[in-house]
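Every read-out reported here was derived from the displayed coordinates using simple, explicitly stated rules and does not represent laboratory data. Values in this document were obtained by computation on a predicted structure and should not be read as measured data. Positions of Cβ are backbone-derived with ideal geometry, glycine not excepted, and every protein chain shown enters the neighbour counts.
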Amino acid sequence: MTDEPVVLCDIDARGVAMVTINRPRVNNAYNGEVVDALLEGALALDADPNVRLVVIRGNGRHFQAGADLKWLKAVSAQSVEENIEVSRRTTNAIRNLDNCSKPTLALVHGGCFGGGTGIAAACDIVIASEDAVFSIAEARWGVMAGPIFPQLNAAMGSHNVRRYAQTCERFTAAEAWEMGFVHELCPVGGLDDAAAPVIAAILSNGPNAVTATKGLIRDLAGLEIDDEAGESLARGHAAKRLSAEASEGLTSFAEKREAAWYPGAAS
Amino acid sequence: MSSPVLETRDSRGVVTLTIDRPAQRNALDSVVMDAMTAAFAGVAADASVRAVVIAGAGPVFCAGVDFGWLRQAQAQDGAANRADSEKLAAMYQAIDACTRPVVARVQGGAWAGGCSLIAACDVVVADDNARFAITEARIGLTPSLMLPYMMGRVGLRQVRRYCLTGETFDVETARRISLVSKVVPEASLDAAVADVVDALLHCAPDSLLQTKALVREWTRPPASDAAIGLAVDAFAAGRGGDEAREGLSARDGARPPQWATGSD
Amino acid sequence: MTDEILLCETDGRGVATVTLNRPDIHNALNAELIAALTETFDRLNADDAVRAVILTGKGKSFSAGADLNYMKQAAGHSEAENLADARNVAAMFHTLNTMRHPTVARVNGAAYAGGTGLIACCDIAIGADHAKFAVTEVRIGIAPSTISPYLLAVMGPRAARRYWLTAERFGVDEAFRYGLLHDYAPADALDGKVAAVIDDLLLGGPGAVAACKALAQQLHGPVTAELRERTAAGIAHIRATDEGQEGLSAFLEKRKPSWQEEASS
């Protein structure tokens, strides 16, 4: 363990906030601490008049490997109310990021799984290096990615979510680019170079005009998720985590075996 | 009489529905429509079903709606025409709303209503020679029944091209506009479908139920009852209208319809 | 008058070609051209002999959006005058978008801002491969307005969240990937591509084609009068803000707007 924060944030003189998910030893898997940091970070950066744009990236070999399954298992042993609260904070972390009135840019390398795809989908722009690989594999572990479906549908099309959230197949950076989810590809190690002209372009634009334009897109495209819908997504998410299926899925992961629902699996 | 839709089910809970009218290139008539809708009702009632595969017998997946079925409308009153149109709409809706994942195995290609069938599926695997066209307008029909699904799948922009032109497009285009999910060589089609099914079986059944339900709920625009109702209105109006009469009669006479005289 | 800035010819098959004819200023839009477009689209829509409409630009560019003098006028207008003007622009896009005949944008060159809106309002768009595109409003401190419902329906929110917020220029490959263009070709092959699509369109029953087009737009969510009014009011309002004023002045005075000074300091 280290005392370093799980999410780093640095704001430069131009007003570019660089947010780095910082749990490299566990591939930046999210736990309660990461969720809280993102939840509060998105609100704070949105409210900070010096910030003109937010960039999100992962420290280490991967962008974000989804939920920390050990943490998830521990949460699932807690009360129903505690589970709902965890899911509520997870749902709202993504909603806040999606709602941020400033432009947001995700720089993705390596693994981007589960909640990681939600972070990318909630950002306005995604640049990925060619080594990036994606999956929405919650259903493999008996849980469910509900809180990020609205953002994923908007970012990659519901037909792609119907495929990838059900088959749980991995997809490559090139495939993510083809479906429009990723805006731009760059060579491995080239994220900063690829991001520089996009950041420069945003800084050339009227800050209020950019915020007005983002609001217009959200309004016209119906991207808003109201509190009632958010609460419903959170409760569904929590209930699934508490199901017998989730218990079996998370146990099968820990024991590195097929889950009981796979035909022919030794139960 | 044997059913034109063969239903098999394996020990894993995978149901395969094969449209079995190869001589008619698996054209959809009212018997097929009823059989498919009934098969999906059976799936809905059986909690042990884990996935559904839709296939077509013979060299081609589905040529669209049967011309005989279309012609019926010429002798029908408005209510009977509308009831027929609702029957076709009900089949597409049963596929789209199936709570279990649905995979289409597409060999050779899909035309008109065949494109509608696959637009309602979750994963569409096609062979690399498959061809597609949304040809309804060429016989004076409005390709409306697919729109509730096509809007969420290929989107308004591609609908405004491919539904209005009726042009033929290859499988690479079909994949690019998201009508097809995955393209493989013909010899690998069964293996590729088996891989998709295997991936689905690795997933927790209830997780998949909730996943599909939520993703459908957040699909924009939704394939709502209201959308389907508007689509049925437009389809029935076209099917019973003068343009369809002319289009079908031109097809029978192997001549171009009157409106096509300006093109070559 | 109209003939000078907008050409319209209909051939024996009923294929009308509407050509923006201000090549020396990249077919930029002004009040007069917008009025001529609305009048022409209305007339073609009412004509049963018309089967398809091609929209294109004369010269190097398709359309560069609003012209400079037009923007100068806007700078001197009151919010109410700008609103009246924006309503006319909104009506023009609406008329094109809802035309019952199928429409094809023959994108002969660059299209910026309002030019991209014209493309988005056509059913099918085919571009010359040198064409460039940009949604440039935020560069001058305003937001996309009357074009926004059409352009969003075409590009989708994912592409809009990049290109509307960055105002970056992009080429035909990106325009194709995000649906602004259905196809593109070298300039000398453009007419062949357009002709093939027109041939396909003429094979469809006119009533069936019109019904399909109308239903698709209805299901997507129609651009209602209320929404058009909202977008028109939006541009009139943002033009009147400090940032909108500064952006327009800087553009007309060919200097950097204040926010760019801040960013580079």
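Of note:
- Highest average first, the peptides A:173-183, A:205-215, C:241-251 ordered by how many other beta carbon atoms sit within 10 Å of their residues are A:205-215, A:173-183, C:241-251.
- Helices in chain B, meaning DSSP H runs of at least 4 residues, each add -39500 (n - 2.57). Divided by all residues, the mean residue ellipticity at 222 nm is -14500 deg cm²/dmol.
- For chain A, dividing the convex hull volume of the Cα atoms by the residue count gives 131 Å³ per residue.
- Over all pairs of different C-alpha atoms in chain C, the reciprocal of the mean inverse distance, the Kirkwood hydrodynamic radius, equals 18.8 Å.
- Cross-link pairs beyond the 27 Å C-alpha cut-off, checked among C:K132/C:K193; A:K214/C:K132; A:K214/C:K60; C:K132/C:K256: A:K214/C:K60
- The mean count of C-beta atoms from other chains within 10 Å of the C-beta of residues in C:92-104, rounded to a whole number, is 1.
- Partner chain coverage, peptide A:214-225 - average Cβ within 10 angstrom: 6
- The phi torsions of segment B:72-83, fed into the Karplus equation with coefficients 6.51, -1.76 and 1.60 and a -60° offset, translate into couplings of 3, 4, 4, 9, 9, 7, x, 5, 5, 4, 5, 4 Hz, rounded to whole numbers, with Gly and Pro shown as x.
- Remark: relative contact order (chain C) = 19 percent; criterion is Cα-Cα distance under 8 angstrom and separation of 6 or more residues.
- Net +/- balance of residues flanking B:L248 in space, Cβ distance below 14 Å, scoring K and R +1, D and E -1: 0
- Dividing the mean sequence gap of close Cα pairs (under 8 Å, 6+ apart) by how many residues segment C:144-263 holds gives a relative contact order of 30 percent.
- The Cα atoms of segment A:157-233 give a gyration tensor whose axes a ≥ b ≥ c have a/c of 1.5 or more with a/b no greater than b/c, which makes the shape oblate.
- Packing here is the average count of other Cβ atoms within 10 Å per residue, and on that basis the peptides B:40-50, A:161-171, A:82-92, highest first, run A:161-171, A:82-92, B:40-50.
- When Rg and Dmax are taken over the Cα atoms of segment B:5-187, they come to 15.5, 47 Å.
- Tail fraction, Cα-Cα pairs, segment B:129-233, threshold 25 Å, whole percent: 37 percent
- Straight-line cross-link partners of B:K87 among the lysines, defined as a Cα under 28 Å from its Cα and at least 8 positions apart when in the same chain: B:K212, C:K213.
- For segment B:5-187, the relative contact order is 19 percent, taking Cα pairs closer than 8 Å that sit 6 or more residues apart in sequence and dividing their mean separation by the residue count.
- Using equal-weight Cα scatterers in the Debye expression, the normalised intensity of the protein assembly as shown in log10 at q = 0.11 Å⁻¹ is -1.26.
- Peptide A:147-160 - average C-beta neighbours from other chains (10 Å radius): 5
- As a rough guide to protection, the peptides C:225-232, A:66-73 ranked by mean Cβ packing within 10 Å, highest first, stand as A:66-73, C:225-232.
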